[in-house]
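Structure record follows, encoded as structure tokens.
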Amino acid sequence: MESIIEVKSLTKRYKEKRAVDDLSFDVYKGEILGLLGPNGSGKSTTMNCILSLLNFDRGNIKIYGKEMTPNAYDIKRKIGVVFQDVAVFDELTVYDNIDYFCGLYITDKKMKKKYVDDAMKLVGIEEYKKYFPKQLSGGLLRRLNIACGIAHKPEIIFLDEPTVAVDPQSRNNILEGIETLRKNGATIVYTTHYMEEVEILCDRVIILDKGKIIASGTTDELKELAKTKEKIRVETKELGNKEIHEIKKLSCVEEVLYKDNILEVMYTDENNNLENIIGYLKSNNIKYSRIFSERPTLNDVFLELTGKELRD
Amino acid sequence: MTIFKTFFKIMLKYKFIIIMYTSMTIFFAGMGVQSNSSETDFSETKPNIYIVNNDEEVGITKDLVEYLKQKCEIAELENSKQAIEDAMFYRDVDYVIYIPQNFRADFIARKNPQIEIKQTGNYGAELAKMNFERYLKVAQRKVLEFDNEDELISEIHKVIERETEVDLREKIDTTKMAKLSRYFSFASYSILAITIYVLATILAVFKEEKISKRTNISSLHYKKFNKSLFAASSVFGVALWVVFVVLAIIVTGNGVFTINGMAYIVNMFVFIICAMCMSVFIGNIIKDKNAANAMVNIIALGSSFLCGAFVPAQYLPDFVLKIAHVLPSYWYVNTNGIIENCSNFSGEALNTILVNTAVLIGFSVLFMILTNIVSSKRRKID
Ligand SMILES: Nc1ncnc2c1ncn2[C@@H]1O[C@H](COP(=O)(O)OP(=O)(O)OP(=O)(O)O)[C@@H](O)[C@H]1O
Ligand SMILES: [Mg+2]
């Protein structure tokens with residue numbers, strides 16, 4: 001795989017605090033790379049360092065094999081960025097906003113017009129082209145923010161939490177838009193703290209915590225890291241200490257929790273667990289209302305690796 | 001081009017502010033023009049003088065005496081040292097002219113005879129002196145050209161009459177100049193307000209951190225970006241200047257088409273440059289575009305009050321004027337005052353105007369340097 005962005009030993013300090021601590025990773029052509037991490041884990045800082053918007057203390061960034069600097073205008077031409085905060089002109093309409101940011105890259109008028117139209121279509125805000133940002137809902141504003149960042153059809157796109165505080169409709173729209181961008185050949189770095197999005201969207205994930213990479217790989221690879229391979233939840237009122245003790249002894253059971261009439265059983269293997277537990281409940285005449293089986297989530301992986309939840 | 005276009009798109013969002021401040025100038029300056037059009041005319045009053053003529057009253061001596069009788073009131077006095085001194089002490093006489101013996105003969109012989117003068121130094125004396133010296137100067141010039149005494153006398157009168165006509169015209173012009181001066185001084189408020197409001201706001205919008213991050217990451221060279229902003233600001237400045245010149249013509253009439261009128265216009269141009277440099281600086285230091293509004297009130301309103309754009313400077317207390325020296329408006333308004341009272345641009349008037357202009361340019365340079373310091377600090381990210 002062709003590596004387009006190479007980050008080596010990137011370290012960024014704010015006073016004594018290390019916001020980014022010795023990060024190294026590559027981004028490959030055509031992939032969507034997820035940077036997943038809780039608030040303050042250094043996702044935005046990493047992105048801003050890669051883009052030369054921040055000076056960093058140590059490390060080395062190469063894009064297309066060339067060192068990235070504030071004056072690397074030929075590299076910048078190929079990059080599109082959607083920042084975490086909505087950054088648009090209140091004084092300009094939706095159309096004029098996209099036109100302005102696209103115009104920073106594209107000078108040919110016809111081409112620019114087409115690009116602006118494409119961008120509006122991609123995020124689905126054509127109807128609102130004459131609106132001013134103040135007249136848009138939060139979700140539409142986010143979509144405008146994205147359109148402004150990608151209208152010039154960049155080859156590499158950075159998206160910093162584009163779906164934060166967005167209604168489900170806009171979120172789906174945004175995620176579909178990102179899929180489309182990838183299909184059109186873009187390489188995407190996607191920053192988020194929503195693991196569901198990462199699971200739907202990303203080919204590869206880097207999990208950050210306190211500025212450090214704590215794990216990386218495809219979602220399946222990451223899930224392999226979890227000791228728990230399956231989690232079964234049973235709604236039942238009839239368990240005592242004796243039964244819980246017996247369940248713990250069933251095969252592959254790693255841990256058993258029983259609280260508020262919900263039994264949670266963690267397994268280290270993923271085969272036949274449901275059969276086993278149902279068999280046990282039946283043979284002991286224990287009544288239950290519902291049973292769920294869950295595969296581990298990235299949240300579980302994060303929990304196991306750091307001892308805390310991804311989202312607070 | 002994108003930036004240039006966007007600059008004016010944003011400006012259009014503030015068109016009502018621009019229109020509002022512009023109408024204020026038209027309104028207040030226009031009102032001022034009405035209320036100021038009847039000025040007391042001092043030059044019609046005749047000064048009281050006395051002539052001690054030791055020469056014979058013939059020829060050029062006689063003509064001089066008659067000229068003075070026309071222009072001044074000749075006091076009826078006893079020709080004695082004591083009587084003359086008393087009359088001057090009680091201000092019955094402001095100016096006494098001693099024509100020496102053989103004045104006529106010496107004058108014709110181009111010996112340039114000295115005429116002794118005594119004067120009180122008040123307004124009447126100034127007026128008498130002006131009349132007397134006008135005659136003498138013309139006579140001294142013309143005696144070099146004419147040998148014949150009659151011809152000389154008639155030539156002197158021709159020249160003096162012509163100059164008096166110019167004088168009269170100038171007297172009419174002074175009321176016109178007052179209108180213009182009022183208009184241009186008041187315009188300083190509107191210009192400052194509009195420039196700060198528009199330029200500082202637009203710059204603050206472009207330089208707002210979120211937006212400038214996007215600009216910084218784009219493939220547009222930052223020098224090109226700055227150049228575009230500069231070009232757009234210049235077009236804005238020139239347009240503002242043209243609008244206020246056209247308004248000057250509409251509000252005050254054809255007084256603009258005189259040397260003085262041109263001087264006002266040039267002065268305004270320099271002032272606009274200075275106001276722009278100041279606004280660019282403000283645009284670079286304010287964190288939030290809404291702060292521009294507050295700046296307009298503090299700076300435009302403040303300096304217009306302090307510098308005599310609303311109230312003529314002579315009515316302001318000294319300490320206020322001292323403070324006002326640190327504000328560009330002071331130098332602009334001061335120049336307007338000089339232009340108002342200036343018939344020929346030479347000597348001290350011209351000097352002061354040049355100094356004032358230099359100070360305005362100095363302010364502009366200072367603001368440019370400060371802007372550079374501030375914005376280069378801003379570009380460095382940590
Ligand atoms: N300008 C700054 N000065 C000091 N500390 C900062 C600054 N910017 C960020 N930090 C710190 O650096 C760390 C990483 O911040 P960063 O914004 O990169 O996190 P993030 O992963 O993007 O979080 P979020 O999900 O909230 O956007 C945080 O602890 C933050 O407090
Ligand atoms: Mg962030």
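Bear in mind these aren't lab numbers, they're just calculated from the coordinates by the rules spelled out. This structure is a prediction, so every number in the text was calculated from the model and none was measured. Ideal geometry is used to build each Cβ from the backbone, glycine not excepted, and the neighbour counts take in all protein chains shown.
When the helices in the protein assembly as shown are scored as -39500 (n - 2.57) per DSSP H run of 4 or longer and the sum is shared across all residues, what 222 nm value do you end up with, to the nearest 500 deg cm²/dmol?
Result for the protein assembly as shown: -17500 deg cm²/dmol, rounded to the nearest 500.
Would you look at the GNM of chain B, springs on alpha carbons closer than 10 Å, and say which of B:L354, B:L220, B:L180 moves the most?
With Cα springs under 10 Å in chain B, the top fluctuation among B:L354, B:L220, B:L180 is at B:L220.
For B:Y98 and B:K137, compute 0.36 nm times the residue count separating them, minus their Cα-Cα distance, and round to one decimal in nm.
12.4 nm
Using a simple spin-label model with points 7 Å from Cα along the Cα→Cβ vector, what separation in nm is obtained for B:V326 and A:K237?
Roughly 8.1 nm, to one decimal.
In percent, how large is the relative contact order of the stretch A:230-295, given Cα pairs closer than 8 Å and 6 or more residues apart?
Once normalised by length, the contact order is 50 percent.
Taking the Cα centre of chain A as origin, work out the dipole magnitude from +1 charges on Lys and Arg Cβ and -1 charges on Asp and Glu Cβ, in debye rounded to 20.
740
My understanding is that a pair violates if its Cα-Cα distance is over 25 Å; which of A:K129/B:K287; A:K66/A:K110; A:K112/B:K224; B:K13/B:K179; A:K76/B:K287 do that in this structure?
In this structure, A:K129/B:K287; A:K66/A:K110; B:K13/B:K179; A:K76/B:K287 lie more than 25 Å apart at Cα.
What value does the stretch A:7-73 have for Rg/Rh, both radii from Cα atoms and Rh as Kirkwood defines it?
Across the stretch A:7-73, the Cα-based Rg/Rh ratio is 0.95.
B:Q82 versus A:D90, label points 7 Å from Cα toward the beta carbon: distance in nm?
Result: 8.8 nm between the two label points.
Which log10 I(q)/I(0) values, to two decimals, does the stretch A:202-312 give at q = 0.09 Å⁻¹ under the Debye formula with one point per Cα?
Treating every Cα as an identical point scatterer, log10 I(q)/I(0) equals -0.29.
Length gain on complete extension for the stretch B:E126 to B:S234, per 0.36 nm per residue less the alpha carbon to alpha carbon distance?
Going from the current span to full extension adds 34.1 nm.
With point charges of +1 on the Cβ of Lys and Arg and -1 on the Cβ of Asp and Glu, referenced to the Cα centre of chain A, which listed residue (A:P296, A:A186, A:Y131) lies farthest in the positive direction of the dipole?
Checking the options against the dipole of chain A, the answer is A:Y131.
Can you compute the charge dipole magnitude of the stretch B:48-162 about its Cα centre, using +1 on each Lys and Arg Cβ and -1 on each Asp and Glu Cβ, nothing else charged? Give it in debye, rounded to the nearest 20.
The dipole of the stretch B:48-162 has a size of about 460 debye.
Across all directions of projection, what mean area in square nanometres is found for the Cα convex hull of the protein assembly as shown?
47.6
Among A:K29, A:K223, A:K259, which one shows the biggest mean-square fluctuation in a GNM of chain A, springs joining Cα atoms closer than 10 Å?
A:K259
Roughly what angle does helix B:123-142 make with the longest principal axis of chain B, taking Cα atoms, 0 to 90 degrees, to the nearest 10?
80
Using the 10 angstrom Cβ neighbour count as an exposure proxy, how do A:V86, A:V20 rank, fewest first?
Neighbour counts put them in this order, fewest first: A:V86, A:V20.
Mind sorting A:L222, B:L247, A:L305 by how few other Cβ atoms lie within 10 Å of their own Cβ, fewest first?
A:L305, B:L247, A:L222
Give me the mean projected area, in nm² to one decimal, of the convex hull enclosing the Cα positions of the stretch A:3-223.
Spelled out: convex hull of the Cα atoms, projected over all directions, averaged, 12.0 nm².
With point charges of +1 on the Cβ of Lys and Arg and -1 on the Cβ of Asp and Glu, referenced to the Cα centre of chain B, which listed residue (B:G255, B:F271, B:V374) lies farthest in the positive direction of the dipole?
In chain B, that residue is B:V374.
Quick one: which residues, 5 or more positions from A:V20 or on another chain, have an amide H under 5 Å from its amide H? H modelled 1.01 Å from N in the peptide plane, none for Pro or chain starts.
The list, which skips near neighbours in sequence, is A:K12.
Considering every residue in A:147-159, what mean count of other chain Cβ atoms within 10 Å of its Cβ is obtained?
The per-residue average across the peptide is 1.
If r is the Cβ-Cβ distance from B:I361 to B:K69 and R0 is 41 Å, what FRET efficiency results, to the nearest 0.05?
So the FRET efficiency works out to roughly 0.20.
Can you work out the FRET efficiency for the pair B:F4 and B:L350, with r the C-beta to C-beta distance and R0 = 30 Å, to the nearest 0.05?
0.20
Among A:R171, A:R204, A:R142, which one shows the highest mean-square fluctuation when chain A is modelled as a Gaussian network with alpha-carbon springs under 10 Å?
Highest fluctuation of the listed residues: A:R171.
Other chains' Cβ within 10 Å of A:50-59 residues: what's the mean?
Per residue, the average neighbour count from other chains is 2.
Order of A:E238, A:E161 from fewest to most other C-beta atoms within 10 Å?
A:E238, A:E161
Across peptide B:215-227, what mean number of C-beta atoms from other chains lies inside 10 Å of a residue's C-beta?
Whole-number average of other-chain Cβ neighbours for B:215-227 is 5.
May I ask which residue of A:V116, A:G65, A:G37 lies farthest towards the positive end of the charge dipole of the stretch A:3-223, with charges of +1 (Lys, Arg) and -1 (Asp, Glu) on Cβ and the Cα centre as origin?
Going by the Cα projections, it comes out as A:G65.
Report, by chain and number, residues whose modeled amide H sits under 5 Å from the one on B:V93, excluding near sequence neighbours (fewer than 5 apart, same chain).
Here B:M88 satisfy the definition.
Report the rotationally averaged projected area of chain B based on its alpha-carbon convex hull, in square nanometres.
The orientation-averaged projected area of the Cα hull of chain B comes to 24.8 nm².
Calculated FRET efficiency, B:A105 and B:Y315, Cβ-Cβ r, R0 60 Å, to nearest 0.05?
0.65
How high is the relative contact order of chain A? Use alpha-carbon pairs under 8 Å, at least six apart in sequence, and give a whole percent.
For chain A, the relative contact order is 19 percent.
Rounded to the nearest 20 Debye, what is the dipole magnitude of the protein assembly as shown about its Cα centre when Lys and Arg each give +1 and Asp and Glu each give -1 at the C-beta?
Magnitude of the dipole: close to 2780 debye.
Straight-line reach only, C-alpha to C-alpha below 20 angstrom: list the lysines that B:K111 could link to, leaving out same-chain residues fewer than 8 apart.
Candidates past the 8-residue exclusion: B:K62, B:K137, B:K142.
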